[in-house]
Amino acid sequence: MPPGLALGRHRVVGGAARDGRVEMSQEVDFDVIVVGGGVAGAVCAYRLAEAGHEVVLIERGAEPGSKNLSGGVFYCRVMEQVFPGFVDEAPVERRVTRNVLSFLNASSHVNIDYWDARLAEPVNAVTVLRARLDAWLASRCEAAGVMVMPGVRVDELIVEGEQCVGVRAGDDELRAHVVVEADGVNSFLAQNAGIRAKEPPKHLAVGVKSVIGLPRTVIEDRFHVIGSDGVAYAFVGDCTQAVAGGGFLYTNLESVSVGVVLRLDDLATKGLTASDVHDHFLAHPAVAPLIDGGELLEYGCHLTIEDGPTMVAHDLTRPGLVLIGDAAGFTLNTGLTIRGMDLAAGSAIAAADAIGAALAAGDYSQQAMDAYPAALAATFVGADMKTYARAPAFLEVPRMYRDYGLLLADVFHGIYDLDLTPRRHLLGTATRAFKGSGLKLRHVVRDGWAAVRAL
Amino acid sequence: MKVVIVYTWARDGANAAVRADGTVDWRGAKMTAGEDDPAALAVAKRLAEDTGGTVVGLTIGDGDASWVLARGVGEAFSVTDVPPYADNAATARVIAAAVERIGAVDVVVMGDSKQDPGVAPAVAGHLGWTALAGLDSASAVDGRVAAVRRSATEQQTISAAPPLVLGVAAEADVDTKPGMKELLAARKRPLTTWPMGDLVDPGDDVRSTGTRKPDVVAATLFDGDPATSAAQLVAALRADGVL
């Protein structure tokens, strides 16, 4: 029997009730219940089990990974702290050594194409398909003694007084000293527990993604990558038909993931549908040749966090309860990088350490749980959420999604379109393009300053 | 009666995608409990209850071996490294060898899968037992099995003496998801695993020499008022030389 399955050995310390009688001690089934089998939940459960604690990892899907929409770019250095040799052992797709930022217009685009061998030594980012990665993480958890319990939807937290003491699913209850909510962006548990309010549409975005199967050799030729190297594109502009958000494309081993992320409020304002915007992007002349001849393997949509820094401003803990990963709001969109999985892992590590200390002390109070956000503030997760706190506001600038891409293309058109008229110096060409753009200098200065401060 | 319920022994056809060239892409799909497995389990439990006997589980491959343990079965066996064979006889050879290893078995019950219809009869063939397939339900009467099979026009009850292999076809999705306590209890129940090499050499799997999608047959729909549509149909049949 795995070590995580010796049940009912621990007891909650009996507390004195107001009338002086000693409350009945309550058996617990596990030291810790982790709800949600994604990166955050699995990393937290694994760390705690490795430290000798009894942990159950409850996952709503038929198996970990099955509820996830395909995958993403994982800035994975943090995983080395938990799984040494992660990049070589985990089922990752490609190692991202090339990043392309593309300003996309209807009939032109200007790309910043950055390749650097240093990004592979050590590996900084990998593309992953979550069905594979999450299944691997779950298997590592099981090997460490975690009881992985798939196919169970937790309905609510069990709260006695102010203390979270377990979870309820259907007629069943499980009790633990600490419950970890790692149940994703929609965390109904956190909403029901009154920790998070229903997020306004402005804080959320809808992602629509296709996974297009292509032969490995075609991907290598088409994207100029060799071996297990890969590329990640970030698009801004016509990819979203001027809706706030962006497009993305990244290479897996034998497929390409491509799609758009659209801020919900702006999508509604513009009166567009997410699937139409997605189709428009995939048919764009800059994108269509990259996926030409491919086979659609997967298509779906998912809610995602647009304003992580605002979301994480609410509480991350209650007595006996901590929130990690997307459930807590740990996602960052800087316009250049979209990060979630690394922040999920970072928050999970900090939470596991704090919970480990709480278990050692037998103290599951608010104060004990608050060791988690305190520790988190000292890590890259806390620091980056603070650094990029202004990024969401900067990304609200509507000129980002149309005017600047057109201006850039006009500047380059002025340089490369040798139409037999006398040439101007670069500055003159740029000035002319700017005057023709309809942009106001004060807006550009303000946006530039905002960019410097936000990014 | 000692009853073996065979479960989670095939991949779910819903996880397969047919490519444009007609090849089937399983995309790493694991063995899963089929839609007939819950009905087969209900039959196995009934037979054990009727006779004061026991039910043990048997599964093969990479599926969830605890599926049956979380549904009230006290013990299970798993042949862990069995690949998903295209050849039903190869799958059956492994299951039959495992049944023999379990020993003293009276009845084997398994889902009568539409996708792999040959497995249940082939298990009986390997064991040299009687097979009853397409069953709706079964009970035990005086040491014999009374198996019920329904067709569109009649209900047939067959009485047969063990040892038997029963193929049960579900009329509806009757699975009840186990709760957390049942899942916890399942992990404490004994699960014995065997590598396939200890039991049997299943031989070579069958190989596909090529696949293609079926030819598209053109269909014409005559839509409108019945008299005109009928006239158009007759005219078309005459034009095609059918009439």
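Of the solvent-accessible surface of the protein assembly as shown, computed with a 1.4 Å probe and all protein chains present, 53% belongs to carbon and sulfur. The residues of segment B:170-188 listed by number as losing at least 20 Å² of accessible area in the complex, against the isolated chain and with a 1.4 Å probe, are B:Lys177, B:Met180, B:Lys181, B:Leu183, B:Leu184, B:Arg187, B:Lys188.
Beta bridges assigned by DSSP with both partners in the protein assembly as shown are antiparallel in approximately 60 percent of cases. In this structure the amide hydrogen of A:Val165, modeled in the peptide plane, comes within under 5 Å of the amide hydrogens of A:Ile158, A:Val159, A:Glu160, none closer than 5 places in sequence on its chain. Interface residues of segment A:285-301, defined as those with an accessible-area decrease of at least 20 Å² between the chain by itself and the complete set of protein chains (probe 1.4 Å), are A:Glu295, A:Leu297. When shorter helices are ignored and each DSSP H run of at least 4 residues is given -39500 (n - 2.57), the per-residue value for chain A at 222 nm works out to -9500 deg cm²/dmol. Pair-distance distribution of segment A:158-311: all C-alpha pairs, bin width 10 Å, starting at 0; shares per bin in whole percent are 10, 31, 24, 19, 13, 3, 0.
Each of A:Val445, A:Ala51, A:Ala345 was scored by the projection of its Cα onto the charge dipole of chain A, and the greatest displacement toward the positive side belongs to A:Val445; charges sit on the C-beta of Lys, Arg, Asp and Glu. Radius of gyration over Kirkwood radius for segment B:2-204, both on Cα atoms: the Rg/Rh ratio is 0.96. Cα centroid separation, segment A:269-336 to segment B:4-37: 31 Å. Ratio of Rg to Rh for segment B:1-71: 1.13 [Cα atoms; Kirkwood radius as inverse mean 1/r over pairs]. Stokes-Einstein at 25 °C, 0.890 mPa s, Kirkwood radius from Cα pairs: D for segment A:159-249 in µm² s⁻¹? For the chosen part, D equals 136 µm²/s.
Computed from point charges on the beta carbon alone (+1 for Lys and Arg, -1 for Asp and Glu), the dipole magnitude for chain A about its Cα centre is near 1660 Debye. With a cut-off of 15 Å on the backbone N, the residues of segment B:180-223 near the modelled label site 7 Å out from B:Ala86 along Cα-Cβ are B:204-213. Ordering B:Tyr7, A:Tyr364 by accessible surface, largest first, gives A:Tyr364, B:Tyr7; the 1.4 Å probe counts only protein heavy atoms, with every chain in place. Among B:Asp204, B:Asp64, B:Asp223, the largest mean-square fluctuation in a Gaussian network model of chain B, built with springs joining Cα atoms closer than 10 Å, belongs to B:Asp223.
Computed from phi, the 3J(HN,Hα) profile of segment B:7-15 under the Karplus parametrisation 6.51, -1.76, 1.60 (θ = phi - 60°) reads 9, 6, 10, 8, 7, 7, x, 5, 8 Hz, with x in place of Gly and Pro.
Take chain B and mark each of the trypsin sites (Lys or Arg not before Pro) that is in a DSSP loop with at most 12 other Cβ atoms within 10 Å; the longest unmarked stretch, sites excluded, is B:115-206. Whole-Hz Karplus values for segment A:410-427 come out as 5, 4, 5, 5, x, 7, 9, 8, 7, 9, 6, 7, x, 6, 10, 5, 4, 4 Hz, taken residue by residue from phi with 6.51 cos²θ - 1.76 cosθ + 1.60 and θ = phi - 60°; glycine and proline positions read x. Accessible surface computed residue by residue for chain A, with neighbouring protein chains in place and a 1.4 Å probe, gives 44 Å² per residue. So what is the diffusion coefficient of the protein assembly as shown in µm² per second by Stokes-Einstein at 25 °C and 0.890 mPa s, using a Kirkwood Rh over Cα pairs? Translational diffusion coefficient: 84 µm²/s. Computed from protein heavy atoms with a 1.4 Å probe, the total accessible area buried between B and A is close to 1500 Å². Its DSSP H runs of at least 4 residues, each contributing -39,500 (n - 2.57), put the calculated 222 nm mean residue ellipticity of chain B at -8000 deg cm²/dmol, to the nearest 500. Counting DSSP beta bridges with both partners in segment B:2-204, what percentage is antiparallel, nearest 5? Of the beta bridges lying entirely in segment B:2-204, close to 35 percent run antiparallel. Computed from the alpha carbon positions, the gyration tensor of segment A:266-417 leads to an equivalent ellipsoid with semi-axes of 41, 19, 14 Å, biggest first.
The values are calculated or read from the model by the stated rules, or taken from the named source; none is laboratory data. Everything numeric in this text was worked out from a predicted model, so none of it was measured. So basically every Cβ, Gly included, is an ideal-geometry build from the backbone, and we count neighbours across all protein chains shown. The accessibility values were calculated without ligands, DNA or RNA, using every heavy atom of the protein model including side chains. Shrake-Rupley method; radii C 1.70, N 1.55, O 1.52, S 1.80 Å.
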